[in-house]
Amino acid sequence: MSAVAPTDAELVHQAKTGSRTAFEALVRRYQKPLYFLCLRYVHDHDAAADLAQRTFIRVLDKLPELRDAEIFRSWLFRIGANLSLNHLRDHARFVDEAQMVPDEPNLMPDVQKHLETAEEAEALRLAVAELPTKQRMTLELRVYEELPFKDIAVALETTEGAAKVNFHYAVKRLRSLLGRPLSELAGKVERR
Amino acid sequence: MSPDVCDHDVCEQMEGKLIQGTRPGDDSELARHIGSCLRCFRTASEMRDVPALTTLLRVEAPEDPGPAFWARFPTNVAHAWEASRARPSTSMVARLRDMFRLQLPAALAGACVAAMLMIVASSHRERTKVDVVAATRATPVVAMAVTQDDRPNDGAEILLADDYPIEAQSTATLMQLTQQLATEAGVVLRTAVDENESSLNPVEEVELLGTDDLRTVVQALRGTGGRI
């Protein structure tokens, strides 16, 4: 018989009263998803680790202001996403142009096929990065974190209806950017 | 199949279901609506791509930093948080907040002290007025001196007030007053200034003025009924 893990709300209440153990439990629970959320924005391990750390520090500082402990996860992701976007904005002019050079095309067929698939996945990720901020955040919170629209609305400080509309627009826009239905790309990837 | 004949609220409700991930095959009402509404049919078609989208985006998960990184991470957060608390805040808002946090109680304390001083000064002034009345009944010289204390900012100097040093100007005034009183009373002061001492400054002159002279003036004044 295993002990039931405390809920986010319970840990948040304990952390608010100064329990370091409770906050550490929250860090351990969300460090991975938060790190990967930041990594999807910045594509750099060190920057993502730093952003995740800064997010938890911000959360700890602002914890007394969090009225509804139930929304902790959405609130955490919102802070992480905002910090990541700020980071991107601040470092936009330092993007290395060498990253934009295409790979050498003269390769073996299997490798070429693998690369095509990888490129298509990469093309999709680039298309996601091109989405308007709210649409991108909605899409990523839905796809990667599997948040319900109600929690996405909390994370993005919007309504549930607006979150659904943003998601719908994001999907339509990706279809438009890639020029074909996404199911075709997914089929190629699954056959790899 | 026309969007024009659809109830807008019904379409929103059905689109909400589709975006949420409900499949038309699992919801008969939704399937019926899609069959009659072009707009919702298109939405259903677009939403069919969502599982593919999810697969594609998750296909190449980024490299995990490893268990050592995750084990160390909470400690790093704790250290970084302690370091951030140790650093003084430099933002303008934080500085303003800090300033008010420290200055406001100080200002309140200052205001309390000022109020207490005003009360003390006010009661002292009341007492001084009583002293003036009493002194007027006693001797005119003292009365003048005390009355001078009661007239701020009119250029008059304090003559005999204990709390203030005797300045050169007030000393000269004292000399003049004494000599004037002596003249009116017909008394020759023992330490009357002669030609050799004319270079003395008023402070030195007062130092030379003996208590006998003052006593003589007071006695003379009492003899004349205390009127100047």
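The values are calculated or read from the model by the stated rules, or taken from the named source; none is laboratory data. Just so we're clear, the structure is a prediction, and the values are computed from it rather than from any experiment. Positions of Cβ are backbone-derived with ideal geometry, glycine not excepted, and every protein chain shown enters the neighbour counts.
Assorted remarks:
- Residue pairs meeting the criteria (Cβ under 8 Å; at least 6 apart or on separate chains; first more than 11 Å from residue A:28 (Cα to Cα) and within 8 Å of another protein chain (Cβ to nearest Cβ), in segment B:69-81; second crowded, with 17+ Cβ neighbours inside 10 Å and of a type in the set (Phe, Trp, Tyr)): B:81/A:56
- In summary, residue A:40 fulfils each of the numbered conditions (1) more than 8 Å from chain B (Cβ to nearest Cβ); (2) within 23 Å of residue A:126 (Cα to Cα) with the single exception of condition (1).
- Some residue of segment B:36-43 being over 60 Å from the mean Cα position of the chain (by Cα) and closer than 20 Å to residue A:152 by Cβ: yes
- Tally, over segment A:112-157, of residues that are of a type in the set (S, T, N, Q), at pLDDT 90 or above and farther than 18 Å from residue B:55 by Cα: 1
- Segment B:43-65: number of residues that are of a type outside the set (S, T, N, Q), outside any loop (DSSP other than H, G, I, E, B) and either more than 7 Å from chain A (Cβ to nearest Cβ) or touching a residue at least 24 places away in the same chain (Cβ under 8 Å) (or both): 5
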